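First comes the structure, then the notes that go with it.
The values are calculated or read from the model by the stated rules, or taken from the named source; none is laboratory data. Fair warning: this is a prediction, and the values are worked out from it, not measured in the lab. Don't worry about glycine lacking a Cβ; one is built from the backbone with ideal geometry, like all the others, and counts go over all protein chains shown. Please note that ligands, DNA and RNA were not included when accessible areas were found on the heavy atoms of the full protein model with its side chains. Shrake-Rupley method; radii C 1.70, N 1.55, O 1.52, S 1.80 Å.
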Amino acid sequence: MINRQKYYFNIYISITIAILLTTIPLSDYFLIVEFDWIVLVVLFWLIIYPEKFSLISVWVCGIIIDVMSGNLLGQNAFSLLVVSFMSIIAHRQIKTMPLLQQSIIISFLVFVYRLINLWLNGIIGIQTPDMLVYFLNPLLLILIWPLAFSSLSMFVGKTYKF
Amino acid sequence: MFIADSKVKTKMFFLVLLSIVSMSFNHRTHYLDDLYAALSTIFSPFQYVTNSSIDLTNFIIESTYSNNKMRSINNKLHQKNLKYAASLQQYNNLLYENSRLRKLLNTTTNIKYITLVADVIKSEQDPYRRQIIINRGKNDGIFLGQTVIDEYGILGQVSQVNFFTSRVVLISDLSHLIPVKIVRNGLRSIAKGTGSSKIIELLYIQNDSDVKVGDLLVASGLGGKFPKGYPIAKIISIKKKASDPFYKIKSLPIAQLDKSQEVLLIFKSNEDPKQKTITQRTKK
């Protein structure tokens with residue numbers, strides 16, 4: 001029982017840190033490094049423990065992103081759900097991949113996430129000012145994911161080699 | 001090969017349905033507005049935490065300033081203050097003259113405005129949108145569509161009111177339009193945000209009208225949302241195309257859209273924030 005509680009505690013802590021990271025204000029020039037931290041943390045837990053991290057908590061995380069970013073209620077939740085479902089289906093393969101290959105998959109998932117968001121924004125009538133920055137960001141994730149993964153795996157108590 | 005079991009699939013189906021329903025409700029109706037405000041209030045402490053840590057680092061950096069630097073900053077501020085005070089003298093005189101002339105002409109006098117100072121907590125959480133969050137909300141009498149200015153000019157308008165914070169759409173946001181006029185000749189137009197904090201476009205100015213680079217644009221007050229006369233932008237480039245009946249005009253916003261730390265909220269004198277909250281409390 002204690003072990004189980006510890007898991008949930010770790011999940012909460014990691015998501016809190018992700019929320020704090022998203023609130024850091026960045027100027028125009030640094031928009032390219034404004035990563036979707038909450039999405040990364042959710043994907044991490046889904047890959048490591050898909051049975052501990054249910055779809056309902058994914059949805060709640062999506063709603064948190066919506067509220068923090070001022071989007072429509074349910075918009076990021078929707079795109080996060082789709083991406084999470086994709087990672088749940090393939091979580092066994094992703095888990096056993098070497099870290100570099102894994103980060104390419106994660107980068108692709110975040111790309112899909114942003115694409116769905118772009119589509120939903122288009123329906124409401126919000127345009128994106130800078131497409132290049134918007135889609136270069138997931139590409140940069142290939143470099144960031146190994147770092148994020150190894151620091152997040154501290155919460156699990158295991159160390160993964162690069 | 002792992003195949004998602006039917007439980008996950010049904011969960012997925014219902015959650016996606018729920019998100020779509022809540023999205024469309026939030027977009028089309030106002031039923032979810034209170035829920036949204038409540039949720040925003042729950043998560044605003046996170047913004048306070050990061051903001052206060054940034055404030056702390058700024059404080060530490062400032063405390064390492066040398067005496068000389070402090071003195072020079074103080075000097076600059078003093079000079080600025082003198083300049084403002086001098087122009088204010090003229091302003092009072094003009095105000096008096098204006099009201100006298102208006103009386104002579106038998107027209108209604110201008111409405112007086114009251115301002116409230118707010119701090120910027122966070123800017124631009126989303127690459128699409130030019131928005132800031134300020135530390136005043138429903139509690140301080142903030143209302144939807146309220147005009148927000150900084151010390152130089154109009155910054156934007158309030159787009160979402162929570163209990164202790166509110167969200168402001170800047171005039172550089174892609175979805176933002178504001179009616180303007182050129183001070184020099186009163187030519188009316190609409191200024192549209194471009195998503196860049198350095199450029200605002202002017203729409204529907206015919207390519208035979210009198211526009212010059214360097215013209216000052218102010219709020220025209222048409223539409224009744226923005227108070228008349230506050231400066232908005234300065235024209236920096238005018239392009240003419242033979243195939244296009246309108247000019248392509250770019251202008252530079254006067255307000256410091258990406259730098260302002262403190263902003264002012266404008267109330268008409270009959271909607272004084274203090275009075276409003278008092279009447280609300282007595283009603284309850």
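(1) among the hydrophobic types (A, V, I, L, M, F, W, C); (2) open to solvent by 30 Å² or more (accessible area, probe 1.4 Å); (3) at the interface with another protein chain (Cβ under 8 Å from one of its Cβ atoms); (4) within 22 Å of B:L15 (Cβ to Cβ): which one isn't true of A:L26, the others all being true?
The one condition A:L26 does not meet is (4).
Test B:S99 against the criterion of being free of Cβ contacts under 8 Å to residues at least 60 places away in the same chain, open to solvent by less than 80 Å² (accessible area, probe 1.4 Å) and within 12 Å of chain A (Cβ to nearest Cβ), and give yes or no. Give the derivation first.
Working: free of Cβ contacts under 8 Å to residues at least 60 places away in the same chain: yes; open to solvent by less than 80 Å² (accessible area, probe 1.4 Å): yes; within 12 Å of chain A (Cβ to nearest Cβ): no.
The answer is no for B:S99.
Checking the condition within 12 Å of chain B (Cβ to nearest Cβ), surrounded by 22 or more Cβ atoms within 10 Å (Cβ to Cβ) and not charged (D, E, K, R), which residue from A:S79, A:S69 passes? Explain how you work it out, then say what you get.
On the way: A:S69 fails: surrounded by 22 or more Cβ atoms within 10 Å (Cβ to Cβ).
Going through A:S79, A:S69 in turn, the sole match is A:S79.
Looking at this structure, is A:F35 more than 7 Å from chain B (Cβ to nearest Cβ) and under 29 Å from B:K259 (Cβ atoms)? Can you show your working first?
Numbers: more than 7 Å from chain B (Cβ to nearest Cβ): yes; under 29 Å from B:K259 (Cβ atoms): yes.
Considered against the rule, which asks whether it is more than 7 Å from chain B (Cβ to nearest Cβ) and under 29 Å from B:K259 (Cβ atoms), A:F35 comes out as yes.
Looking at (1) in contact (Cβ under 8 Å) with a residue 60 or more places away in the chain; (2) surrounded by fewer than 19 Cβ atoms within 10 Å (Cβ to Cβ); (3) within 14 Å of chain A (Cβ to nearest Cβ), which is the only condition B:K122 fails?
(2)
Looking at the stretch B:188-207, is at least one residue assigned to a strand (DSSP E or B), open to solvent by 40 Å² or more (accessible area, probe 1.4 Å) and either small (G, A, S) or closer than 26 Å to B:Y84 by Cα (or both)?
No, the stretch B:188-207 has no match at all.
I'd like to know if the stretch A:42-52 contains one or more residues that are modelled with pLDDT of 90 or more and surrounded by fewer than 18 Cβ atoms within 10 Å (Cβ to Cβ).
No; the residues of the stretch A:42-52 include none that is modelled with pLDDT of 90 or more and surrounded by fewer than 18 Cβ atoms within 10 Å (Cβ to Cβ).
Checking A:G74 against (1) touching a residue at least 40 places away in the same chain (Cβ under 8 Å); (2) under 30 Å from B:K9 (Cβ atoms), only one condition comes out false. Which one?
Of everything listed in (1) touching a residue at least 40 places away in the same chain (Cβ under 8 Å); (2) under 30 Å from B:K9 (Cβ atoms), A:G74 misses just condition (1).
Identify, by number, the condition in (1) in contact with a strand residue (DSSP E or B) (Cβ under 9 Å, 6 or more places away or on another chain); (2) touching a residue at least 12 places away in the same chain (Cβ under 8 Å); (3) not small (G, A, S) that B:K239 doesn't meet.
So B:K239 meets the others, but not (2).
All but one of (1) over 14 Å from the mean Cα position of the chain (by Cα); (2) at the interface with another protein chain (Cβ under 7 Å from one of its Cβ atoms) hold for A:L143; which doesn't?
In the conditions (1) over 14 Å from the mean Cα position of the chain (by Cα); (2) at the interface with another protein chain (Cβ under 7 Å from one of its Cβ atoms), A:L143 misses (2) alone.
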